[in-house]
Amino acid sequence: MARARMMGSLMVEWEEDYAGWPLWGIGPWSDASELPERNFLKEIVDSTVNINQCVPMPRVSDAKERLTEAAMELIWGNSYGATSVDAICERADVRKGSFYYFFESKSELAAAALEEDWKKRKVDMDGIFSPATPPLERLERYFDYVHARLEELQKKCGSVLGCPLFTLGSEVSTQDQPLRDKVQQILDRKVKYFESAIRDAHAQGLITAPDAKAKAQALFACFQGTLTQARIQNNLGLLRDFKAMALDFLGTKSVGAAAHG
């Protein structure tokens, strides 16, 4: 009797029990209409399903994610120059060969690490700077958010780490143009959140800032300078004091006074 056999996942080969006889014309059946009815398509599908069920799914590797996280931690906590590829691989528990499978250089990894970190922070930024929140309160909430994050890291490593973008950018700006560009790109994204809050505050009469972009850039520069000083002095107190200074810089003493003034 004729039967079907799977070849790979698609190929079907016919076997003939009657050696030398074709399926019909010479043999038990004079034409195809006399062949016994069989659902060969169903058999093929069933065989394919059985084959696929026997093949184990490949393990999904998170090596690339571990490398970017390790790079972010080490570069921010120490410096770009002091962080070697070997140290990153050791922290990530990834072999060096895997490192060069994902990245051509430490510079490329650092840029990827910054971008991945930004994707995580953007979720928080979108919530903090939600249009549903009063504009000046958005800024206050952001300063509190940064302070809380640095305070948590200080408990782990014993130091105020400041801003990773300014720390890295100031170190490589004259040596690594692609990495410098990545730092600037992310800084520009952050400034836009400041700009939107300041524009809304101006529109609501809370402050006077007809050029919201310029005001945002100035305030952001002051904040980054304070973060850098906090790292140098290992002093989080500078950040606690900045919130009041920022509102004063914008022309209002407090959110409550601005709302009821």
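Nothing in this text is a laboratory measurement; each read-out follows from the coordinates by a stated rule. Here the structure is a predicted model, which means the values were calculated and not measured. Neighbour counts run over all protein chains shown; Cβ positions are idealised from the backbone, glycine included.
For the residue pairs Lys106/Lys215; Lys156/Lys192; Lys120/Lys192; Lys96/Lys190; Lys64/Lys243; Lys156/Lys213, alpha carbon separations beyond 29 Å are given by Lys106/Lys215; Lys156/Lys192; Lys96/Lys190; Lys64/Lys243; Lys156/Lys213. Evaluating 6.51 cos²θ - 1.76 cosθ + 1.60 at θ = phi - 60° for every residue in the stretch 88-93, the Karplus couplings come out as 5, 5, 5, 5, 7, 6 Hz, glycine and proline recorded as x. Pair-distance distribution P(r) for the stretch 107-260, from all Cα-Cα distances in 5 Å bins starting at 0: 2, 9, 17, 21, 21, 16, 9, 4, 1, 0, 0 percent. With R₀ fixed at 30 Å, the C-beta to C-beta distance from Asp181 to Asn235 puts the FRET efficiency at about 0.45. Calculate the spin-label point distance for Tyr145 paired with Lys122, positioning each point 7 Å from the Cα along the beta-carbon direction, and give it in nanometres. A separation of 1.4 nm, rounded to one decimal place. Leu165: net charge of surrounding residues, Cβ under 13 Å, Lys/Arg +1, Asp/Glu -1, itself excluded? The answer is +1.
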